[in-house]
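Take a look at the structure below.
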Amino acid sequence: MIHNIEKIWFRNKGGLRPTISALLYCQLAYFGGAALILSLNPTFMIIGTLAMAHGMVIAAYLIHECGHNTLFKSPHHNAMLGKALNWLTGGCYGTYEDLRTKHMQHHVDNVDVTIFDYRSYLARHPTQCKLVQTLEWLYVPAVEFLMHGALILAPFLFKDKKDQRLRVITIIVVRFSLLLMVFFYSPAAYLCYLLAYTIFLMVLRFMDALQHNYGLTPASDHHIDLIKRRGDRDYEESHTFSNLISINYPWLNLLTLNFGYHNAHHSKPTVPWHDLPKLHRARYGDQADCVIPFRKQLSSFHKGRVARIFGDESEAEGNRFAQRLQNGSAIGASGVSFLTPL
């Protein structure tokens with residue numbers, strides 16, 4: 001029976017068990033964490049905050065899988081699940097269709113394009129810039145909060161998204177009403193949710209920061225040549241890096257649903273998350289130059305946390321970024337999350 005269900009509904013052989021397991025864990029962590037937070041028991045609230053944060057992390061990377069249609073045979077079913085899970089991540093203010101289109105552009109054109117150039121915005125507003133720099137120095141993912149805020153306001157800021165205004169207003173009313181109810185129930189519970197969401201954004205930002213040195217390109221006529229496909233498979237491979245949590249203990253990479261096997265993912269984007277370790281070993285072996293040691297990831301993330309706001313364009317030149325990754329001094333990128341299709 002299980003084999004028949006898998007054959008009918010799931011895109012890949014052996015995909016039923018890992019997919020259902022990840023979905024069940026995601027729901028248990030998110031809603032179970034919420035229940036623990038609402039218990040108002042201090043110990044349970046701490047556990048619940050961490051569980052909820054990780055539930056959102058798994059939800060985000062399942063959305064990524066849906067975007068690549070790696071879970072179900074039908075794109076419609078992938079889209080349905082992706083849209084539902086996006087309510088857990090808070091990325092539902094943008095449409096799933098925009099999310100998927102933007103992410104496919106990342107794969108096809110080897111570039112990260114944005115219609116909201118937060119760097120120019122901060123350069124024009126020194127007070128906000130100083131605030132963001134201070135928060136980032138304190139490890140608060142201020143740029144990600146800024147991008148999520150822009151996602152909410154996008155239908156009111158950009159003409160090509162004005163048809164989404166009613167949809168966004170409805171989502172704002174629903175989500176903010178729920179948050180208000182939590183606040184009235186317990187301000188401490190509300191703060192736990194905010195902390196869980198902050199941890200969630202920190203994890204996604206940590207994983208995104210060092211995987212590419214494509215740079216962030218504003219979507220304007222002035223940059224039209226930079227938006228076109230930059231190169232071939234060799235270009236993509238040389239500008240992509242794998243940030244595994246552990247090489248010796250591969251199960252730890254499940255904490256981010258194997259998203260760290262990024263070179264393997266870019267080499268075959270339709271391979272599901274549970275098959276990426278096998279693909280990585282087949283293509284790169286146990287010792288690969290594209291793999292960033294975890295301690296070097298931590299070093300780069302720490303040292304570049306303020307400079308990363310504006311980035312370093314020189315890292316797109318030659319092998320400078322790769323060298324910096326290996327000595328733990330890379331800057332990397334901010335504001336490139338697939339959850340904020342701007």
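The values are calculated or read from the model by the stated rules, or taken from the named source; none is laboratory data. What you are looking at is a predicted structure, and each value in this text was computed from that prediction instead of being measured. Positions of Cβ are backbone-derived with ideal geometry, glycine not excepted, and every protein chain shown enters the neighbour counts. Just the protein is used for accessible areas: all its heavy atoms, side chains included, with ligands, DNA and RNA removed. Shrake-Rupley method; radii C 1.70, N 1.55, O 1.52, S 1.80 Å.
In terms of accessible area, using a 1.4 Å probe and ignoring ligands and nucleic acids, 109, 160 rank largest first as 160, 109. For the pair residue 130 and residue 281 in one chain, pulling the backbone fully straight at 0.36 nm per residue adds 50.0 nm over the alpha carbon distance.
Rolling a 1.4 Å probe over the protein heavy atoms of the range 241-286, with every protein chain left in place, gives an accessible area that is 58 percent carbon and sulfur. Hydrophobic long helices, here whole DSSP H runs in the chain with Kyte-Doolittle means of at least 0.0 and Cα atoms spread over 15 Å or more along the helix axis, are found at 16-38, 42-67, 142-157, 165-185, 187-209. Counting charges near residue 331 (Lys, Arg +1; Asp, Glu -1) among other residues having Cβ under 9 Å from its Cβ returns a value of +1. Model label sites at residue 252 and residue 238, defined 7 Å from Cα along the beta-carbon direction, differ in position by 3.2 nm. Take the Cα of residue 4, go 7 Å toward its beta carbon, and the backbone nitrogen atoms of the range 58-92 under 20 Å from that spot belong to 73-74.
Here residue 73 is the anchor, and the aspartates and glutamates within straight C-alpha reach of less than 20 Å, apart from those fewer than 8 places off in the same chain, are 6, 65, 97, 275. Within the same chain, lysines fewer than 8 places from residue 161 are excluded, and of the rest, those with a Cα less than 20 Å from its Cα are 83, 102. Note on residue 120 and residue 152: the extension gain reaches 9.6 nm, defined as 0.36 nm multiplied by sequence separation minus the Cα-Cα distance. For the set 183, 200, the ranking by accessible area, highest first and with no ligand, DNA or RNA atoms included, is 183, 200 under a 1.4 Å probe. Counting only residues at least eight positions apart within a chain, or on another chain, the lysines with an alpha carbon under 20 Å from that of residue 130 are 303.
Residues within the reach of a label modelled at residue 28 (point 7 angstrom out along Cα to beta-carbon, backbone nitrogen below 17 Å), restricted to the range 234-265, are 254-257.
Averaged per residue, the chain has 48 square angstrom of accessible surface, using a 1.4 angstrom probe with ligands and nucleic acids left out. Residue 3 contributes an accessible area of around 120 Å² to the protein surface, as traced by a 1.4 Å probe with all chains present. When nucleic acids and ligands are ignored and a 1.4 Å probe is applied, residue 194 ends up with an accessible area of around 70 Å². Estimated from the Cβ-Cβ distance and a Förster radius of 22 angstrom, the FRET efficiency linking residue 39 and residue 175 is about 0.50.
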